[in-house]
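Novice: Below are the structure tokens for one structure; questions will follow.
The values are calculated or read from the model by the stated rules, or taken from the named source; none is laboratory data. These figures come from a predicted structure and were not determined experimentally. Cβ: placed from backbone, ideal geometry, glycine included. Neighbour counts: every protein chain shown. Surface areas here come from the heavy atoms of the whole protein model, side chains and all, with no ligands, DNA or RNA. Shrake-Rupley method; radii C 1.70, N 1.55, O 1.52, S 1.80 Å.
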Amino acid sequence: PDFFALPPVLQHFIYAHECAHLVAVGPDETAADCWAVQVGRNQGWLAPSGLELVGRYFANSPGDWTHAPGLVRVRRMWQCF
């Protein structure tokens, strides 16, 4: 239920990120972020303001064994945008 309380652009990004694992990039988390950002940009549902929101959501994440720390992850997303 927490997922559906998120802003729509964040829901779309997370969904696209998970789709990327299945259809495009496999287990690579950085590539999945990049794919989601580029799909969102190309389809028109991810504008710079939306990416700022996504970035704020992930910025404080400490990361884990598959995901980079939040600020690194967000910086990479902007590079893909």
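Novice: Within the group V74, V39, which residue is assigned to a helix (DSSP H, G or I), hydrophobic (A, V, I, L, M, F, W, C) and open to solvent by 30 Å² or more (accessible area, probe 1.4 Å)?
Specialist: One residue alone meets the criteria, V39.
Novice: OK, next. Going by what's in this entry, would T66 be described as of a type in the set (V, I, T), at negative phi, out of contact with any His (no Cβ under 6 Å at 6 or more places or on another chain) and part of a loop (DSSP other than H, G, I, E, B)?
Specialist: yes
Novice: Looking at this structure, is L46 touching a Leu at 6+ places or on another chain (Cβ under 7 Å), open to solvent by less than 70 Å² (accessible area, probe 1.4 Å), closer than 16 Å to I14 by Cβ and modelled with pLDDT of 95 or more?
Specialist: No: the conditions fail for L46.
Novice: Another question about this same structure. Just give me the residues in segment 62-71 being free of Cβ contacts under 8 Å to residues at least 24 places away in the same chain and surrounded by 12 or more Cβ atoms within 10 Å (Cβ to Cβ), in sequence order.
Specialist: G63, P69, G70, L71
Novice: Give segment 49-61 a look and list any residue that's open to solvent by less than 30 Å² (accessible area, probe 1.4 Å) and either in contact with a Ser or Thr (Cβ under 9 Å, 6 or more places away or on another chain) or among the aliphatic types (A, V, I, L, M) (or both), or say none.
Specialist: L51, V54, A59
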